[in-house]
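Report on the following structure.
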Amino acid sequence: MTYAETYAAWKADPEAYWMKAAEAIDWVTPPSKALFDENAPLYEWFKDAEVNTCYNAVDRHVDAGRGDQVAIIYDSPVTDTKQKITYSELKTRVASLAGALRARGVEKGDRVIIYMPMVPEALEAMLACSRLGAIHSVVFGGFASNELAVRIDDAQPKAIIAGSCGIEPGRVVHYKPLLDGAIEMAAHKPEFCVIFQREQEVATLIEGRDYDWHDVRDGTEPAECVPVSGDHPAYILYTSGTTGQPKGVVRPTAGHLVALNWTMKNIYDMDPGDVFWAASDVGWVVGHSYICYAPLISGNTTIVFEGKPVGTPDAGTFWRVISEHKVKSFFTAPTAFRAVKRVDPQGEFVKKYDLSSLKIIFLAGERADPDTIQWAEEKFGVPVIDHWWQTETGYTIAGNPMGIERLPVKIGSPTVPMPGYDIQILDDGGHPVADGELGAIAVKLPLPPGTLPTLWNAEDRFRKSYLDTFPGYYETGDAGMKDEDGYLYIMARTDDVINVAGHRLSTGGMEEVLASHPDVAECAVIGVTDQLKGQLPLGFLCLNSGTEKSAEDVCKECVTLVREKIGPVAAFKLACVVERLPKTRSGKILRGTMVSIADGKEFKMPATIDDPAILDEIAEALRRLGYPNG
Ligand code: COA
Ligand code: AMP
């Protein structure tokens, strides 16, 4: 079947389409139907089924006689370690950790926070939770204590599983003190913690609360898979919204299994036994879906890579991994390629490796710029496929379905909607616009299986954030257009979210931190264009009158404050002091106009601006920071 036929088949009978896809999953009790729409506009999929995620990701491959196949390859240039774990070994390891968690009281529905670096034990912790029907919430290692504390209070975990440390080039990230600080800060206290001690830093354990990863198993029985209902949350993953309070995206168990399994063949063209590598981090949705769950559910080998595209040890490290482990499909963010291209524009490192196993490169996480795509196409001689998705959906909204049909690539477009997604471009009044016109990108409800049914303990916020603006649609928060062939173009966010090195960050969250500085009266954070990271946050600060500190000192303190409160991942290093912020007469800060000035773009003077002269001051402050062209 062609893409057009597949998409038409889904549209004609979504129920039959997803029930067919569901046949690839091993159910304890199969679903009686796919869609449950009695609470529309809240929808659920395969709700009356009973199933276990870990069984489908691990045990079923062992039961099918493929236990000796490698499930996980751990490749860590920062610790000089390589390790292979077969499906049989994975089953033993996960069952034993799950048994240890259960012995300490973790049961179906309990939350468990996971705060770990890129080691296979992070995947084992996720799978051990899903084995028990416990709901994990992985927190990215680049977040500081305060962010971890916010998530602890929201998820109210019974247990926390953490690594003793992470390793960034040139420094050890002390996870354990960050964890201790977060638990102290949080109102909710976990009953216990399990600490995976790494030889690079052995952490001090708190008697009675912390257990060593290995010791905690003493005297406990391995756990079997616990069946859960189809709508049971598999995990919560927090993502940035418009405020500092992150949104807890809920992933429903059955839809997650069906949809992810579907994507591995249809989008990534992977067959069981093939090696798949997503060079991301378990703390992000890409890591959840494509380092952990999808490759394992579909019986592939997945790679856990602990390193960076450059400097660990060089700009050839990705190509070494692909060549050594015979990766067939490789998935990364455009920013990672830009980092490599900057160091090795001629692709000298590419030539050093036999990359004959590599068939397709996939890019996501941010807009794929034409230069990067063309560079990769030229250097690797394989299709370079952009695809667009979000934490909320967990997998591709629009892409090029390589296992169905390879559609012609139009550079700048992530191609076309996947089955399940009826994408419309809407004007402010919620009416579809003509092809080629910009608008808000929305998806006609219901969203397909596996996408978020709600936000954790925040149904009102779910409705307000995604459903209320355009009744009958899911609001993606992205703006863009469709061309006459139905190809999509993702141009910008419609909210205050920015994308820094493929990481989704809230400028509103950063503003909340800056506003907490005692000398800051008012502030605004914008995302300025950056050659390497796509965007960088830049803060404008208005100081309280009578402040004795110099502007320079306040800026430095604000940079430190964001690093301490949100974490290094915010990459907040640019701040300047201005007398006033440009506003409309009704008091709305003109962030978009400031972005245009910083990026050196033409802009139309907003008709409602209160005092146009302020823009000259903004331009002068930006010039001092080196912008435009900073
Ligand atoms: N734990 C602790 N700190 C972390 C971290 C982690 N897991 N990940 C990043 N950080 C820190 C970095 O060390 C850096 O700290 P610094 O300010 O002291 O230098 C800071 O957070 C910013 O990190 P990052 O934005 O990643 O910048 P970088 O300069 O270290 O690396 C790239 C730049 C482009 C190489 C890197 O961002 C990259 O590989 N990006 C790919 C992104 C990706 O895979 N995204 C997933 C979506 S598909
Ligand atoms: P996250 O939830 O962290 O995956 O971030 C999702 C957001 O990243 C989307 O809403 C887009 O703004 C952006 N994004 C992800 N993939 C792409 C892509 N292929 N092209 C353009 N923007 C993208």
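The values are calculated or read from the model by the stated rules, or taken from the named source; none is laboratory data. Bear in mind the structure is a predicted one, so any value in this text is a computation, not a measurement. For neighbour counting, all protein chains shown are included, and Cβ atoms are generated from backbone atoms with ideal geometry for every residue, glycine included. What goes into the accessible areas is simple: the full protein's heavy atoms, side chains included, and nothing from ligands, DNA or RNA. Shrake-Rupley method; radii C 1.70, N 1.55, O 1.52, S 1.80 Å.
About its Cα centre, the dipole of segment 216-303 is roughly 320 debye, where the only charges are +1 on Lys and Arg Cβ and -1 on Asp and Glu Cβ. Excluding same-chain neighbours fewer than eight residues apart, the lysines reachable from K464 by a Cα-Cα span under 22 Å are K247, K444, K588.
Computed over the alpha-carbon atoms, segment 7-59 gives an Rg to Rh ratio of 1.02, Rh here being the Kirkwood radius from the mean inverse distance.
Determine the calculated [θ] at 222 nm for the chain from helices alone, applying -39500 (n - 2.57) to every DSSP H run no shorter than 4 residues and normalising by the residue count; nearest 500 deg cm²/dmol.
Values: 18 runs with 174 residues, N = 630.
Theoretical 222 nm ellipticity from helices: -8000 deg cm²/dmol.
Of all lysines in the structure, those lying under 19 Å Cα to Cα from K47, and not within fewer than 8 positions of it along the same chain, are K20, K33, K108. Alpha-carbon geometry of the chain: the Rg and the Dmax are 24.1, 74 Å, given in that order. The charge dipole of the chain, taken about its Cα centre with unit charges on the Cβ of Lys, Arg, Asp and Glu (plus for the first two, minus for the last two), comes to roughly 660 debye. Taking Cβ atoms as reference points and 12 Å as the exclusive limit, the residues near P30 contribute a net charge of -3, counting Lys and Arg as +1 and Asp and Glu as -1. Residues within the reach of a label modelled at E184 (point 7 angstrom out along Cα to beta-carbon, backbone nitrogen below 19 Å), restricted to segment 134-161, are 143-153, 160. Mean separation of Cα pairs under 8 Å and 6 or more residues apart, divided by the residue count, gives segment 232-337 a relative contact order of 24 percent.
In this structure the amide hydrogen of A223, modeled in the peptide plane, comes within under 5 Å of the amide hydrogens of S96, A98, G99, none closer than 5 places in sequence on its chain. Under a no-solvent Debye model with one identical scatterer per Cα of segment 584-630, what's log10 I(q)/I(0) at q = 0.18 Å⁻¹? Here log10 of I(q) over I(0) equals -0.52. Here segment 194-260 yields Rg over Rh of 1.11, to two decimals, using C-alpha coordinates and the Kirkwood radius. Solvent-accessible area assigned to carbon and sulfur over the chain amounts to 50 percent, based on a 1.4 Å probe. FRET efficiency for the pair A16 and N39, taken as 1/(1 + (r/R0)^6) with r the Cβ-Cβ distance and R0 = 30 Å, rounds to 0.85.
By accessible area of protein heavy atoms, probe 1.4 Å, what ranking do E548, E366, E23 get, highest first?
E548, E23, E366
Amide H contacts under 5 Å for E44: F36, restricted to partners 5 or more places along the chain or on a different chain, H placed in the peptide plane at 1.01 Å from N. Distances between placed amide hydrogens fall under 5 Å for D386 paired with L363, all partners being 5 or more residues away or on another chain.
Towards the positive end of the charge dipole of the chain, with charges on Cβ (+1 Lys, Arg; -1 Asp, Glu), say which of S229, P449, G403 has the farthest Cα. The Cα lying farthest towards the positive end belongs to G403. In terms of the mean number of neighbouring beta-carbon atoms within 10 Å, the peptides 339-348, 284-293 order highest first as 284-293, 339-348. Ordering 231-243, 603-615 by mean Cβ neighbour count within 10 Å, with the highest value first, yields 231-243, 603-615. Extents of segment 117-271, taken as max minus min of Cα coordinates on every principal axis and listed largest first, are 46, 45, 34 Å.
Taking Cα centre as origin and charging only the Cβ of basic (Lys, Arg, +1) and acidic (Asp, Glu, -1) residues, the dipole magnitude of segment 412-513 rounds to 360 debye.
Considering only protein heavy atoms, what per residue accessible area in square angstrom results for segment 434-530 with a 1.4 angstrom probe?
Solvent-accessible surface per residue comes out at 37 Å².
Quick check: from the Cα gyration tensor, does segment 505-607 come out rounded (a/c under 1.5), prolate or oblate? Cα axes put segment 505-607 in the oblate bin. Remark: the Cα gyration tensor places segment 403-558 in the prolate category, a/c being 1.5 or greater and a/b exceeding b/c. In this structure segment 1-63 gives 47 Å² per residue of accessible area when probed at 1.4 Å with all protein chains present. Considering all alpha-carbon pairs of segment 309-388, what whole percent are spaced by more than 16 angstrom? When all Cα pairs of segment 309-388 are counted, 45 percent exceed 16 Å. Segment 31-66 and segment 514-569 have Cα centres spaced 46 Å apart. Taking label positions 7 Å along the Cα-Cβ direction at both H214 and T547, the computed distance is 5.2 nm, reported to one decimal.
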